[in-house]
Amino acid sequence: MKKLSIFLFVICFFASAYPQQFSRLNGLEEPQGQTILLYSFGNDMNGLYVPVFKYFVNTGIETQIIDAYSIQIDTFQYHAKSVSDYEFFPNDENNFINVGLTIDIDVLGYAARNDTITYTDWGIFFVDISKQHPNQVYISDFHKVIKSFDGGYTYPADSTIDFEFLSVADFDDRVFFGTDNNRLIKTEDQGTTFSIVDTSNLQTTKPGLAFYYDVNQFHIYRLNRSNGKFTLNVSNNKGNAFSWTKTYESDTQFFIAIDSTQSGVVFLADGRRIYKSTNNGYTFFEYKSLPSKLVGIYKKPNSEILYAASKYQLYEIRPDTTVIIKSVPIPMRLLDYYPLSIGNYWIYKVTDWSYPYYSEDTFTRRVVSKEILSNNKEYFKIEEKYHNSAYTNYLYERIDSAKGLVYRFDNECQNPDSEKVIDDFTAEVGDSLLIQRFTMCWDSILTYISEVGSESIFNENRNFRTYEYSWLMSYTYKLAQGIGIYNIRNGYDFGESNFFLNGCVIDDIVYGDTTLTDVDDELNSLPAQYKLEQNYPNPFNPSTKISWQLPVSSWVTLKIFDALGREVETLVNEYQDAGVHSTLYIVNQPDRQAGSTLSSGIYFYQLKVGKFVETKKMMFLK
């Protein structure tokens, strides 16, 4: 088996935009049969500019074996080291060759033994090691092959072979595969002569290029891009002409794993699903479905065990069980697509065209409290209202930060804990998921992730995710990062409804218009911001009126302090609706004992609502 990663000389993708995640899963076995998983981990979705680790499955110990990084010095300068490819020596879990680029003032390719650089050139992207003569190492800049005879310590200048190299055959190190004008070529004399063996379009400038060699020494499995698709091509005769067949293709990158002890067994991971073939990859059947899109698989030889990686989990898969053996936290920024916090509030303009009638309405969502329900889980209680209806609906939702899922409590659900999944933040474009924001628990129609991107929302550039569901009715809705549900379209046979977010308050910050003028007098009167008014009269004796305004319903405290900052009295400590509020502070009022002893002087009153705090001064004169 030989996996390759091709060169991407585009520094602009350097990875600060991506969260910490797994990529490029592989593996090897210790002599005692213990599995070591290999993976890249860091904030590069392609795994080129992040370190490579060993993970010992039995002990759970993780060790970095190859360093890689990308550091932006200024607008035009980067300091970086990539891992384009690496290969362990046969039957040796300790020693390997890695190749890639170093980027500083100049860009140089490198070859390293155990991550100690032994050779540099203008660019090195591939490495392969002979199975017949393990000291023979082949590195390539894609245009030529450079050979080492001493296990990668030195690369003599006279060992260079002009050949557009991709892989050396496991069954014979005289056999190379390469390309000529995007056609697959084969040489049986290490590049002195070659012949074209597959005329199908073979692209080498995209991720997903790999060669795998079956234990029977006849079948070869090739992954590459062809005419914009990711494809699996199988040869049944050592890669010779007229032996190649395309057996699988996909719009997105997929991964395969073979068993070095079982001929004909091929596993293929595409999206969240794993497929299995027992006839050398000519046909597949579904084997497993996992919760998240996969970024690599590895088959433990001579066993029923398969390992798989998603961005945030490593799985051990057996015929009857799937177990997470390692996980990393879901990035908190993903949870920002659905901000749930008491006091958060959204107001939508609703248009409905039910042919031939047209109507408008106002719809609001408000997080009013937290409650522990019958399944002993804590949920946010969300109040939903239409302006033209007296009915108020309540939903109970929670975010599972470990899984990146949003759950809704539903008494009619037969699912565990009476919950259903209404959003999945780990999903990617093209994924089809069973998420049921607008459907019943028994509904099995999948929701499709149709688009991710960014656009200006409330005068800020924000990331968004678009979900689509279609059956008897269709729903399309967009989540905006830091905002929540931005719009909804509900289509049906005789019309459609659309919800447009006019404004919201998230964590005490107002976005857009939360008043919706010309729609509702009460809503028109809602303040746009928190504000504490000056008391009146001031100075006062014996009473004064203190007013404040709330753009959303919130827990409110209003306190009096003396000139030394000591608390004198709490006037308000309760949950209040959005709007304008006031209280009359009366000195010597019987139920306010503290006020009865006030002496003349300066006092301060302070309004506190969530993160909002405002203090004003007043004077009491006897």
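Laboratory data are not the source of any read-out in this text; all were calculated from the coordinates shown. Because the structure is a prediction, the values reported are computed rather than measured. Ideal geometry is used to build each Cβ from the backbone, glycine not excepted, and the neighbour counts take in all protein chains shown.
Hey, what did the chain get for relative contact order, percent, Cα under 8 Å, at least 6 apart?
Reported as a whole number, the value is 6 percent.
What does the convex hull of the Cα atoms come to per residue for the range 531-620, in Å³?
Expressed per residue, the convex hull around the Cα atoms of the range 531-620 is 84 Å³.
Say R0 is 56 Å: what FRET efficiency, to the nearest 0.05, do SER359 and ILE324 get from their beta-carbon distance?
Taking R0 as 56 Å, the efficiency between SER359 and ILE324 is 0.70.
Once the piece of chain linking GLU378 and THR557 is laid out straight, how much longer is it, given 0.36 nm per residue of separation minus the C-alpha distance between them?
Full extension from GLU378 to THR557 adds 62.0 nm.
Run the simple label-point estimate for TYR287 and GLN414 please: 7 Å along Cα→C-beta, distance reported in nm.
3.1 nm
What are the ³J(HN,Hα) couplings of the range 208-225, residue after residue, when phi is run through the Karplus curve with 6.51, -1.76, 1.60 and θ = phi - 60°? Round to Hz, x for glycine and proline.
Values per residue, Gly and Pro as x: x, 8, 7, 10, 10, 10, 5, 5, 6, 6, 10, 7, 10, 10, 10, 9, 6, 8 Hz.
Amide H of GLY579 versus every other amide H placed in the peptide plane: which residues, excluding those fewer than 5 positions away on the same chain, fall under 5 Å?
LEU550, VAL552
Can you give the FRET efficiency to the nearest 0.05 for ASN393 and SER260, using r as the Cβ-Cβ distance and R₀ = 60 Å?
Once the sixth-power term is evaluated, E becomes 0.55.
Over all directions, how big on average is the projection of the convex hull of the alpha-carbon atoms in the range 333-512, in square nanometres?
Over every viewing direction, the Cα hull of the range 333-512 projects on average to 10.7 nm².
Rounded to the nearest Å, what's the spacing between the alpha carbon centres of the range 528-551 and the range 113-146? Just the number, please.
77 Å
Per residue, how much space in cubic angstrom lies within the convex hull of the C-alpha atoms of the range 272-373?
In the range 272-373, the Cα convex hull volume per residue is 232 Å³.
Please identify the chymotrypsin sites (Phe, Trp or Tyr not before Pro) of the range 241-323 that satisfy two criteria: DSSP loop assignment and at most 14 other Cβ atoms within 10 Å. Which are they?
When the chymotrypsin sites (Phe, Trp or Tyr not before Pro) of the range 241-323 are filtered for loop state and at most 14 Cβ neighbours within 10 Å, PHE242 remain.
Got a sec? Which residues in the range 94-125 would a label at HIS79 touch, if it sits 7 Å along Cα→Cβ and we count backbone N under 12 Å?
Within reach of a label on HIS79: 103-105.
Roughly how compact is the range 32-92, stated as its Cα Rg over 2.2 N^0.38 Å to two decimals?
Dividing the Cα radius of gyration by 2.2 N^0.38 Å gives 1.37.
What FRET efficiency do you get for GLN132 and SER454 if R0 is 41 Å and r is their Cβ-Cβ distance, rounded to the nearest 0.05?
0.20
Measuring from centroid to centroid over Cα atoms, what is the spacing of the range 483-504 and the range 220-265 in Å?
Taking the Cα centre of the range 220-265 as reference, the centre of the range 483-504 is 44 Å away.
Please list, in order along the range 189-202, the HN-Hα scalar couplings obtained from phi with the Karplus expression 6.51 cos²θ - 1.76 cosθ + 1.60 (θ = phi - 60°), rounded to whole Hz, x for Gly and Pro.
Each residue of the range 189-202 in turn: 9, 6, x, 5, 9, 8, 9, 7, 10, 8, 8, 5, 4, 10 Hz.
Could you give the length gained by full extension between LYS144 and ARG273, i.e. 0.36 nm per residue of separation minus their alpha carbon distance, to one decimal place?
42.7 nm is the gain from fully extending LYS144 to ARG273.
At 37 °C and 0.692 mPa s, what whole-number value in µm²/s does Stokes-Einstein give for the translational diffusion of the chain, with Rh from the Kirkwood sum over Cα pairs?
This corresponds to a translational diffusion coefficient of 114 µm²/s.
Would you kindly calculate the translational diffusion coefficient of the range 159-240, applying Stokes-Einstein with the Kirkwood radius from alpha carbon pairs, for 20 °C and a viscosity of 1.002 mPa s, and quote it in µm² s⁻¹ without decimals?
Translational diffusion coefficient: 167 µm²/s.
From the phi of every residue in the range 262-274, what ³J(HN,Hα) in whole Hz does the Karplus formula 6.51 cos²θ - 1.76 cosθ + 1.60 yield, where θ is phi - 60° and glycine or proline is x?
Along the range 262-274, the couplings run 10, 5, x, 8, 9, 10, 10, 10, 10, x, 8, 9, 10 Hz.
Within the range 563-578, find all residues whose amide N lies under 17 Å from a label point positioned 7 Å from the Cα of GLU533 along Cα-to-beta-carbon.
Counting only backbone N, you get 572, 577-578.
Give me the extension gain from ILE445 to ASN181: residue separation times 0.36 nm, minus the current Cα-Cα distance, reported in nm with one decimal.
Contour length minus Cα-Cα distance gives 90.5 nm.
For GLU451, list long-range residues whose amide hydrogen, built 1.01 Å from N in the peptide plane, is under 5 Å from its own amide hydrogen.
Here the answer is THR466, since their amide H atoms fall under 5 Å of that of GLU451.
Taking the range 204-312, which GluC sites (Glu not before Pro) meet the DSSP loop condition and have no more than 13 other C-beta atoms within 10 Å?
Counting only loop positions with at most 13 other Cβ atoms within 10 Å, the GluC sites (Glu not before Pro) in the range 204-312 are GLU304.
How far is it, in nm, from the label point at GLN72 to the one at ARG566 when both lie 7 Å from their Cα along the line to the Cβ?
Label at GLN72, label at ARG566, 5.5 nm between them.
Taking the number of other C-beta atoms within 10 Å as the exposure measure, put LEU28, LEU621, LEU607 in order starting with the fewest.
Placing the least packed residue first, the sequence is LEU621, LEU28, LEU607.
Label TYR575 and ASP400 with points 7 Å out from Cα along Cα→Cβ: what is the distance between them in nm?
2.7 nm
In debye, nearest 20: dipole of the chain around its Cα centre with unit charges on the Cβ of K, R (+) and D, E (-)?
Computed charge dipole of the chain: roughly 680 debye.
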